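S.K.: The following block contains the structure, expressed as structure tokens.
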Amino acid sequence: MSMDGFKLDGKVALVTGAAQGIGRAISIALADAGATVVVSDIAAKSSAVDAVCVEITAAGGTASACELDVTATSRLAAVFDGVVADSGRLDILVNNAGILVRKPALEITEEDWDRVFSVNLRGLFFCAQAAAKHMVARGDGRIINIASQRALSASAGNAPYIASKAAVAGLTRALALDWISSGITVNAVGPGPVDTPLLADASPEMDLDIVRRSPAGRRLQPEEIAGAVVYLASPAAAAVNGHLLLVDAGWTIA
Ligand code: NAD
């Protein structure tokens, strides 16, 4: 196979939660690989989304901003229809939006539980469904869900988050089979601890623990996660389906 199989020229990709952190890095990498990128996030992040678009455009790529709250499920169809109307197609969805509630399990409220699951699992599923409706019609598509290495491991004080990420890995396998005859692949990426605002509230003790327990001895950078997403979005990964690709610098195996 030629290296053209790793290029995304002519493809249209939408990334959720893309104003900062891993989603921002994924958007920049997809654009660098040739895709037109729809950079989406909640309304409160619109200026950061615009900044990501400016950065992509300045580097010679193509990007547009989109307001998309993955929990506003009744509006998802209209948002995805709008993207297809504006960009002509949708080839790649990266379900990146995710939140964390850090609390001991005895203190988790129903509201905490529902908030985490409404973004990390429910919102992810309905974005996948809204995107797949367009992809099925074209007989082609790539859906990449950002799970976590916590889909396969655990830490104290993160019960809803860890449960939601394990569920994302299971949902990834389920959707891969649901849509297998439609030319759509559904895969997940499982990052280890990454230096983003999500971990900004980590205590110095938690930071030390991350560094001590990680074989790499450090947090990862968002850019280190993006390559796996570009690969799974590319023609080169056509035979990879339902997979959880860990990008954790060896954390899970250590
Ligand atoms: P982050 O907090 O820096 O960024 C998350 C983005 O999601 C934010 O821009 C936020 O506005 C957006 N978001 C939140 N709620 C949303 C909603 N309802 N609709 C749309 N967007 C919404 O976090 P990050 O570290 O960049 O995390 C990105 C993904 O990677 C998440 O799914 C996270 O669980 C996963 N992840 C992160 C790490 C890590 O160590 N940082 C490790 C493994 C997995």
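S.K.: Based solely on its DSSP helices, what 222 nm [θ] is calculated for the chain when runs of n ≥ 4 H residues each add -39,500 (n - 2.57) and the sum is averaged over all residues, nearest 500 deg cm²/dmol?
M.R.: Mean residue ellipticity, 222 nm, calculated: -13000 deg cm²/dmol.
S.K.: Check the straight Cα-Cα distances from K11 and name the lysines below 27 Å, setting aside those fewer than 8 residues away within the same chain.
M.R.: K11 reaches K45, K133.
S.K.: Another question about this same structure. Consider all pairwise Cα distances in the chain and report the whole-number % of them above 29 Å.
M.R.: 25 percent
S.K.: Over the range 112-185, what is the mean sequence separation of C-alpha contacts under 8 Å (at least six apart), divided by residue count, expressed as relative contact order in percent?
M.R.: Over the range 112-185, the number comes to 43 percent.
S.K.: What angle do you read, to the nearest 10 degrees and between 0 and 90, between the alpha-carbon axis of helix 204-213 and the longest principal axis of the chain?
M.R.: 70 degrees
S.K.: Does the range 45-138 classify as rounded, prolate or oblate by the C-alpha gyration tensor (a ≥ b ≥ c root eigenvalues; a/c under 1.5 gives rounded; else a/b over b/c gives prolate, otherwise oblate)?
M.R.: It comes out oblate by the Cα gyration axes.
S.K.: Determine, for L68, L199, L220, the number of other Cβ atoms within 10 Å of each Cβ, and report the residues in order from fewest to most.
M.R.: Fewest-to-most Cβ neighbours within 10 Å comes out as L199, L220, L68.
S.K.: Work out the FRET efficiency for S153 and A58 from their Cβ-Cβ distance, taking R0 = 30 Å, and round it to the nearest 0.05.
M.R.: That gives a FRET efficiency of 0.20.
S.K.: Which loop trypsin sites (Lys or Arg not before Pro) in the range 146-254, with loop taken from DSSP, have no more than 15 other Cβ atoms within 10 angstrom of their Cβ?
M.R.: Of the trypsin sites (Lys or Arg not before Pro), the ones in loops of the range 146-254 whose Cβ has at most 15 other Cβ atoms within 10 Å are R218.
S.K.: Going by average Cβ neighbours within 10 Å, how do the peptides 14-23, 226-235 rank, with the highest at the top?
M.R.: Numbers: 14-23: 27.3, 226-235: 22.1.
Highest-to-lowest ranking by the protection proxy: 14-23, 226-235.
S.K.: Go through A78, V189, V15 and say which Cα lies farthest out towards the positive end of the charge dipole of the chain; charges sit on Cβ, +1 for Lys and Arg, -1 for Asp and Glu.
M.R.: Going by the Cα projections, it comes out as V189.
S.K.: Kindly express, to the nearest 10 degrees and within the range 0 to 90, the angle between helix 223-233's C-alpha long axis and the longest C-alpha principal axis of the chain.
M.R.: That works out to roughly 40 degrees.
S.K.: Next question. Which aspartates and glutamates have a Cα lying under 18 Å from the Cα of K103, excluding residues fewer than 8 positions away in the same chain?
M.R.: List returned: E111, D112, D114, D201, E205, D207, D209.
The numbers here are math on the coordinates, done by the rules we state, and not lab data. Please read all numbers here as calculations on a predicted model, not as lab measurements. As a convention, Cβ positions derive from the backbone with ideal geometry for all residues, glycine included, and neighbour counts pool all protein chains shown.
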